[in-house]
Amino acid sequence: MLKVVVFRYLFWFVLVVVFITGATRISIFGLGYLLACFYLLLFGTAMLSKPARARLAIWDCLILYNVTVIISKNMLSLLSCVFVQQMQSSFCWVIQLFSLVCTVKGYYDPKSMSRDQDCALPVEEAGIIWDSICFFFLLLQRRVFLSYYFLHVTADLQASALQASRGFALFKASILKSMSFHRQAEKKSLVQLKRQMERIRAKQEKYHQERLPSDPTEGAEDDRTEPGGKKAPSRQQTRWWRPCPSPCRPRLHH
């Protein structure tokens, strides 16, 4: 259980130490720590899943920055002891930007020198203690990266990422399946609707054909009209008074 805690969660504890190191003193050096911390917090899980060479390259850059900050602070603190009065009068922005502090005890009294000046000198230490603590934990985490047990952590993270991607793939496949099912149902409903429309159309055509007259001449004769707008009499009405072509014989009723 202790190995799991150390190898899995030590990385996030080291990031907390990096954040405290950058937040203890307001300077340009602390800004670099904060940027590195936020970057690793954002892409830390992806970095742990990368190959060992890529992971160590990023971590070595952070260690190199930490060593550069420690050396720069020591050099600038010695220069601030020598040129503190000149810098306080003409280059106050340099003191505030790099948070320069003279590490030699008893060299000058910052409170007495800041009494008649607008540029206040930092009274606290230069923050090298937190830089040293951060350096220790960065080296410890690098050793963890090179250990054999950390390979199990990397494999576990890769398996979790693969499982999450498979779950997303299954979810996407289920969505596509439901969409295809709905499309097929809509297609079937459209086919049934077309068949019903064709049946209704066929019934209507059959009904209209039954309503048409069997002899088209009858309808034409009935529709003939005279120029005055009156309907012309039919053929039977015009011939009822004509005599028979041959002598009509009276019918005998028995």
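Below is a table of values for the structure above.
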| item | result |
| --- | --- |
| For residue 7: the one exception among (1) without any contact (Cβ under 8 Å) to a residue 60 or more places away in the chain; (2) within 28 Å of residue 151 (Cα to Cα) | (1) |
| Given (1) modelled with pLDDT of 80 or more; (2) crowded, with 19+ Cβ neighbours inside 10 Å, number of the condition residue 88 does not satisfy | (1) |
| Failed item in (1) part of a helix (DSSP H, G or I); (2) closer than 30 Å to residue 148 by Cβ, with residue 79 passing the rest | (2) |
| Residue count for region 17-58, restricted to those that are of a type in the set (A, V, I, L, M) and over 23 Å from residue 151 (Cα atoms) | 10 |
| Criterion violated by residue 65 - all others in (1) surrounded by 14 or more Cβ atoms within 10 Å (Cβ to Cβ); (2) part of a helix (DSSP H, G or I); (3) modelled with pLDDT under 90; (4) not acidic (Asp, Glu) satisfied | (3) |
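Condition check ((1) under 28 Å from residue 7 (Cα atoms); (2) at pLDDT below 80) across all residues:
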{"position": "166", "(1), (2)": "yes, yes"}
{"position": "170", "(1), (2)": "no, yes"}
{"position": "192", "(1), (2)": "no, no"}
{"position": "198", "(1), (2)": "no, no"}
{"position": "204", "(1), (2)": "no, no"}
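The values are calculated or read from the model by the stated rules, or taken from the named source; none is laboratory data. Computed from a prediction, not measured in an experiment: that's the story for all the values here. Here Cβ is always computed from backbone atoms with ideal geometry, including for glycine, and neighbour counts include all displayed protein chains.
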